[in-house]
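Have a look at the structure below before the remarks.
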Amino acid sequence: MKLYCLSSDASKPCFVLSFKELLIMLDCGLSAHSVLNFLPLPPVPSTRLASLPNYTPPHHNDPLLEGELKECCGRVFVDSIPEFCPPLDKVVDFSQLDVILISNYTCMLALPFITEETGFKGQVYATEPTLQIGRFYLEELSEWVSASGEDSGAAKRWKEAVHVLPPPLADAVRPRAWRRLLAPQHIARALSRVRVVGYDERVDIYGALDATAVSSGFCLGSANWVLRSAHEKVAYVSGSSTLTTHPRPINQAALRGADLLILAALTQTPAHNPDHMLGDLCVHATVTLRGGGSVLCPVYPSGVLYDLLECLSAHLEGAGLAHVPLYVVSPVADSSLAYSNILAEWVSATKQARVYVPEEPFPHAALVRSSRLRHARALHDDALSDFRQPCVLFCGHPSLRFGAAVHMVELWASNPLHAIIFTEPDFPHTEALAPFQPIAMKAFHCPIDTSLNYSQANKLVRELRPRELALPDQYAPPAPASSSAPPPRETSRPHISADVPTLVVRRGAALRAGTRRVAARATLSGSLAARVAARELRAGVRGAPLRASLSLRDSRLELHSPPPGAPGAAPAPPPRLQCAPPDVDALERELVRAGATDARVERGADGCILHLPRHDTLVHVDRLATHVFCEGGADVRQALRRALHACVPHL
Amino acid sequence: MPDMKITPLGAGQDVGRSCILLSMGGKNIMLDCGMHMGYNDERRFPDFSYIVPEGPITSQIDCVIISHFHLDHCGALPYMSEMIGYTGPIYMTHPTKAIAPILLEDMRKVVVERKGESNFFTSQMIKDCIKKVTAVTLHQSVMVDNELEIKAYYAGHVLGAAMFWIRVGSQSVVYTGDYNMTPDRHLGAAWIDKCRPDLLITESTYATTIRDSKRCRERDFLKKVHECVEKGGKVLIPVFALGRAQELCILLETYWERMNLKYPVYFALGLTEKANNYYKMFITWTNQKIRKTFVQRNMFDFKHIKPFDKSYIDNPGAMVVFATPGMLHAGLSLNIFKKWAPYEQNMVIMPGFCVQGTVGHKILNGAKKIEFENRQVVEVKMAVEYMSFSAHADAKGIMQLIQYCEPKNVLLVHGEALKMEFLKEKIEKEFKISCFMPANGETCTINTPTKIPIDVSLRLLKAEAVRYNALPPDPKRRRVVNGILCVRDNRLSLLDIDEMCDEIGINRHIIRFTSTVRLEDPGPAVKTAEKLKNLLSEKLEGWTITISDGNISVESVLIKVEGEDDSTKNIYVSWTNQDEDLGSYILGLLQSMVQ
Ligand SMILES: [Zn+2]
């Protein structure tokens, strides 16, 4: 077994596992951190952004760099369509991948980069909500990022000059590998490859192993994957949550006792308790609304959004602010809100109980019916014609580099009554706001990341008792300091400390894990088994020679009764297990019976030599071996074999 | 040979009370727990005393599986769990769990409130019963206990209907419940993978029919309804609240829209909204088209179909009314029927199967006078039409399902004996597999081959593959492994001889043979070895031949060349006892080369 790591962003993982001669990709997360280096793409032209001054690095003379970089409040941004950081494509040949297993919709956005125009021929598996909501995410992205004209020349020159640029651009990791989002038709084709699976459904992977998605408790349809061959078990735990929110709770039992446990996508904000953050958000929103300001929440179109709507609407009602309208603006808002209410089989027991009434599992359907919640595809939509303030507005993108949120920040930034509340953990909020500075509106950071935190993850690993654990290096304990130096400050960084052998994988690296397999699983037909009389060979172990015909059907190995030997030809004798040297006297007698009467025996300290001078043959017998040096004909050798068979003790 | 035993307690050569006992590998499973709508006495429930004449039933049944919400498949469940006292696990899909209690409650009301029966389960009992149900999703593999595994497949038929695959050890069974192999206006077609069960238990409601195309039937239906209302007649369509009703509503709705008709269409019982809510909530169980468009337009929001009020019964003029229940055995549909039956401009369309004993069954058989319990006699002058819209598989569909899953045996239930007989012959002839059709209370025993899991040594398999590939290709040649069966802690493995020695911790006594061939070949011994290697490679295609330090090895046979540069070379060929075939072959080869 070998494990490759293709992503440097532990919360947007991408691994490849070679297991039983198959190449299995686990997740294909798209790191969007890179977009923060770009200037925002406003949905309507912004004079402020357009009039930002050009930036030229000092002492660097490259006319081609002209116009690629802009400066805002001391920060430098690339003026081009934002680019993403897909998984490494040099380590594993994507055309050789057999299977891609996706754990949840936040970890699949690089799928088109893996499957389109790479020669990919494998299968992709995900749960139905993962596919649908992943589709919403990708469609939303592609609507925004390709809306501004695909052909406007991409800024490339700056990538050659990173070394002369100020941070954070100077620290950009491999910017040449950054890519624009693929075209909508590629995205559609990639998504059409996904085969839908249910929780606890065993998917047969080319007859070599079973893959099962089990609930991971993180979001609608989120799954951990259990790979099982007849002899090994690998558990891939990515984006899991032990908290009680709207999805089905995590299924821990299925993950127990794995030979290898791969842990990925832990919380990105370990210092922030999600429950407290939700409470803080409600308080900040209430205070802002009471003060006559509006609230902007830059969010993704699914996931925590549902919890925000549920909690905030209840909280506002309690605060006497039930009249404040809630808006969700996204190209996929209608689908996302409608879709979440038909996923009865994927939600928590409490939500499921509502379906039996029958009522929608999420209250946002009722909010829409009572017109407290409005949703629209875009800000200029008719559905928003009676847009009222103060209000709470949910829209994307959380990076503030594209989508309706860009326009709203531009619009509200100068008003200190308004507030922007960041809930998505993917982007540091100060960096998200950097190209909008200076701003007067209040900014609050209430990240809600329900994935496992480090102590929950440590507890989980202890309970699951894997034989081996694999981690991205971000989660591993810091490297031990040299003995003389004082321990670096970094040791206080949260990490996973497990009492099991731990493999640490870095981007671009491969690791050998698990054990070599020595056997294949087959079935033995009952009729053949009934004919075998196994004897006790040692306490608790029985054995018997077995000759069986072998058949392979649908990659499943079967053992049946052997074919009758061809007429005249004796079937091959079963193998014998000789366990002690022959009794030499008996051997002599056997040889005499076979006509070899000239045997002479010389006994030594640790064995003896039997000499058949007439047949030019010597037999050395010692404790572990009998060696026959036979210069006679084949008939002599056969006679000797028969004699030896008769008197070498065997099992 | 281990057996499996199947005993229908209902649905054995019969329609209307599905309940089948399945025993295999020491597990007892009850497949459906249905109620017969045609009886008012104890015959409506399965004969549970068959399982255990007295005493607790829970210890005798490992689990109950309900295929779908029709009462002939789940109607006796509250009776079994709340009145007989079964406390073990019960499985059904999420939509079935949501909808079954509603139908059970409707039925209970009819039985208790209208017919005045007292010894029947209560509303509370239905609730308590449903609480005990474990809901499953499609394709989820559910371990009932360590040995018993079940898995649901999509069955079409009605919302949430499932077929179940059941496995104990190496034995497996597929039970279809009711299913439908052709997609309809709101549901998809049944689907199963090639799971090759030992036994397929399939319904056979339409065992002999190959139904004409769905489109023709639909056109026929619309034409009849239209003609009747045009003449001012009233059309009664008795339906069950959930299922066919939704499909027919979609059909009428689109027709009314297209033809711009204004005649009122009603759906009775106020169930419309609730029923349609279930369809909305479980839209993932409907067909592709509805799922794709549900965000823009919900197929279950009807414009032309309005809720029915009892006072409309006597309204003059044309109308179309969907009323429950579907077999005219009780309730509103029967009340409307009594009022409308004596007038010949009216029409009743029976869109599904009616069990014996129901009014529906009687009029379909041409009864012109129906006598009721209270001596009331109703003359039937209205037109009676039968349109098979029941989503059951027809003969073609049943054969198709057999083709899909490739069972080793088939057992027919939920059908009429004569028709079953016909289908049985067809199956046995076409698929060359046994087909059974036990009657109620009759036990059918089926032998199944055992398959025991075993680990086969990769070394053994590789050695076999090398030997096999070395031989000239022959598709008829069977592959054979020779190894040692090892049984330890009840786990089986097939090992090669050295692995077996390790397993039992003994040193093996090795018998080795060495013979010499002399060869006149001047030059260094290493050169001679090279030549030999090339010669052997030609003769032994496909075998692994390596050379190092002048020693050649062909698989496990060793060949060593010795001798001074200018003298005769001694070629030693050495092999162990079990490689006698290869060793003597190579020796012979070298000897013939020397001569
Ligand atoms: Zn049915």
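The values are calculated or read from the model by the stated rules, or taken from the named source; none is laboratory data. Fair warning: this is a prediction, and the values are worked out from it, not measured in the lab. Reconstructed Cβ throughout: ideal geometry from the backbone, glycine too, with neighbour counts over all protein chains shown. For the accessible areas, the whole protein counts, side chains as well, though only heavy atoms, and no ligand, DNA or RNA atoms are used. Shrake-Rupley method; radii C 1.70, N 1.55, O 1.52, S 1.80 Å.
Being away from every other protein chain (no Cβ under 14 Å), more than 16 Å from the ligand (Cβ to nearest atom) and at pLDDT below 95 is the filter here; which residues of region B:164-196 pass it? Result: B:V168, B:P183, B:R185.
Evaluate region B:130-153: report whether one residue or more is assigned to a helix (DSSP H, G or I) and away from the ligand (no atom under 16 Å from the Cβ).
There is at least one residue in region B:130-153 that is assigned to a helix (DSSP H, G or I) and away from the ligand (no atom under 16 Å from the Cβ).
It is to be established whether one or more residues within region B:552-569 are assigned to a helix (DSSP H, G or I), over 22 Å from A:P649 (Cβ atoms) and modelled with pLDDT under 85. Scanning region B:552-569, I find no residue that is assigned to a helix (DSSP H, G or I), over 22 Å from A:P649 (Cβ atoms) and modelled with pLDDT under 85, so the answer is no. Listed by position, the strands (runs of 3 or more DSSP E) inside region B:333-427 whose residues that are free of Cβ contacts under 8 Å to residues at least 40 places away in the same chain number at least 2 are B:369-371, B:377-379, B:383-386.
Within region B:512-549, which residues are within 14 Å of another protein chain (Cβ to nearest Cβ) and aromatic (F, W, Y)?
Correct list: B:F513 only.
With respect to A:V76, is the statement that it is open to solvent by 40 Å² or more (accessible area, probe 1.4 Å), of a type in the set (V, I, T) and touching a residue at least 40 places away in the same chain (Cβ under 8 Å) true? No; evaluated as a whole, the condition is false for this residue.
Out of B:I126, B:I51, B:I57, B:I61, one residue alone is within 14 Å of another protein chain (Cβ to nearest Cβ), away from the ligand (no atom under 16 Å from the Cβ) and surrounded by 17 or more Cβ atoms within 10 Å (Cβ to Cβ). It is B:I126.
Taking the numbered list (1) away from chain A (no Cβ under 14 Å); (2) surrounded by 22 or more Cβ atoms within 10 Å (Cβ to Cβ); (3) away from the ligand (no atom under 16 Å from the Cβ) in turn, B:H157 passes all entries but (3). Residue pairs whose Cβ atoms lie under 6 Å apart, sitting 6 or more positions apart in sequence or on different chains, and linking a residue in region B:531-546 that is more than 15 Å from B:G583 (Cβ to Cβ) and in the same structural domain as B:G583 (by TED's automatic domain parsing) to a partner that is part of a strand (DSSP E or B) and at pLDDT 75 or above, are B:K533/B:I547; B:K533/B:I552; B:S537/B:I545; B:T546/B:S553. When B:G331 is tested against (1) within 16 Å of the ligand (Cβ to nearest atom); (2) open to solvent by less than 50 Å² (accessible area, probe 1.4 Å), only condition (1) is not met. Within the option set A:A440, A:A419, being in contact with a helix residue (DSSP H, G or I) (Cβ under 7 Å, 6 or more places away or on another chain) and hydrophobic (A, V, I, L, M, F, W, C) holds for one residue only, A:A419.
Here A:S216 fulfils each of the conditions (1) hydroxyl-bearing (S, T, Y); (2) within 24 Å of B:A152 (Cβ to Cβ); (3) within 12 Å of another protein chain (Cβ to nearest Cβ) apart from (3). Summed over region A:338-358, residues that are facing another protein chain (nearest Cβ under 9 Å), open to solvent by less than 10 Å² (accessible area, probe 1.4 Å), in contact (Cβ under 8 Å) with a residue 12 or more places away in the chain and not in a loop (DSSP other than H, G, I, E, B) total 1. Is at least one residue of region A:385-401 touching a Cys at 6+ places or on another chain (Cβ under 7 Å), open to solvent by less than 10 Å² (accessible area, probe 1.4 Å), among the aromatic types (F, W, Y) and more than 14 Å from chain B (Cβ to nearest Cβ)? The answer is yes; a qualifying residue exists. Open to solvent by 20 Å² or more (accessible area, probe 1.4 Å), at pLDDT below 90 and away from the ligand (no atom under 16 Å from the Cβ): does that describe B:G357? Yes: the conditions hold for B:G357.
Any chance region B:88-96 includes a residue that's part of a helix (DSSP H, G or I), within 14 Å of chain A (Cβ to nearest Cβ) and within 16 Å of the ligand (Cβ to nearest atom)? Walk me through it before giving the result.
Let us first name the residues in region B:88-96 that are part of a helix (DSSP H, G or I), namely B:94-96.
Those left that are additionally within 14 Å of chain A (Cβ to nearest Cβ): B:94-96.
Add one more test, that the residue is within 16 Å of the ligand (Cβ to nearest atom), and what stays is B:95-96.
So far as region B:88-96 goes, yes, one or more of its residues are part of a helix (DSSP H, G or I), within 14 Å of chain A (Cβ to nearest Cβ) and within 16 Å of the ligand (Cβ to nearest atom).
All told, A:A498 falls short of being within 14 Å of chain B (Cβ to nearest Cβ) and modelled with pLDDT of 80 or more.
Screening region A:1-59 for strands (runs of 3 or more DSSP E) wholly inside it with 2 or more residues that are on the phi < 0 side of the Ramachandran plot and open to solvent by 20 Å² or more (accessible area, probe 1.4 Å) returns the ranges A:2-5. Considering only residues in region B:460-492 that are out of contact with any Gly (no Cβ under 9 Å at 6 or more places or on another chain) and of a type in the set (S, T, N, Q), the one that is surrounded by the fewest Cβ atoms within 10 Å (Cβ to Cβ) turns out to be B:N490.
Please indicate, with yes or no, whether at least one residue in region B:440-459 is part of a loop (DSSP other than H, G, I, E, B), within 14 Å of another protein chain (Cβ to nearest Cβ) and open to solvent by less than 30 Å² (accessible area, probe 1.4 Å). Yes, because at least one residue in region B:440-459 is part of a loop (DSSP other than H, G, I, E, B), within 14 Å of another protein chain (Cβ to nearest Cβ) and open to solvent by less than 30 Å² (accessible area, probe 1.4 Å). Among the residues of region B:197-211, the ones that are away from the ligand (no atom under 14 Å from the Cβ) and either out of contact with any helix residue (DSSP H, G or I) (no Cβ under 6 Å at 6 or more places or on another chain) or open to solvent by less than 10 Å² (accessible area, probe 1.4 Å) (or both) come to 8 in all. Pairs are defined by a Cβ separation below 7 Å, a sequence spacing of at least 6 or placement on different chains, a first member in region B:54-70 that is assigned by TED's automatic domain parsing to the domain that holds B:M83, and a second member that is in a strand (DSSP E or B) and among the small types (G, A, S); the pairs so defined are B:S67/B:A162; B:H68/B:A162.
Quick one: which strands (runs of 3 or more DSSP E) sit completely within region A:163-241 and have at least 3 residues that are in contact with a helix residue (DSSP H, G or I) (Cβ under 6 Å, 6 or more places away or on another chain) and crowded, with 21+ Cβ neighbours inside 10 Å? Lay out the reasoning, then the answer.
On the way: elements: A:194-197, A:202-205, A:209-215, A:223-228, A:233-238.
So the answer is none; nothing clears 3.
In this structure, is A:L243 in the same structural domain as A:I133 (by TED's automatic domain parsing) and over 19 Å from A:G303 (Cβ atoms)? Here the answer is no, as A:L243 does not meet what is asked.
Return the only residue of B:G270, B:G232 being at pLDDT 80 or above and surrounded by fewer than 19 Cβ atoms within 10 Å (Cβ to Cβ).
Details: B:G270 fails: at pLDDT 80 or above.
Answer to the check: B:G232.
Restricting attention to region B:462-511, and to residues there that are part of a loop (DSSP other than H, G, I, E, B) and of a type in the set (D, E, K, R), which single residue is nearest to the other protein chains (Cβ to nearest Cβ)? Going through the qualifying residues, I end up with B:R478. Number of residues in region A:457-473 that are touching a residue at least 60 places away in the same chain (Cβ under 8 Å) and either open to solvent by less than 50 Å² (accessible area, probe 1.4 Å) or in contact with an Asp or Glu (Cβ under 9 Å, 6 or more places away or on another chain) (or both) equals 11. The set of residues in region B:427-443 being of a type in the set (A, V, I, L, M, F, W, C) and out of contact with any Lys or Arg (no Cβ under 7 Å at 6 or more places or on another chain) consists of B:I427, B:F431, B:F436, B:A439.
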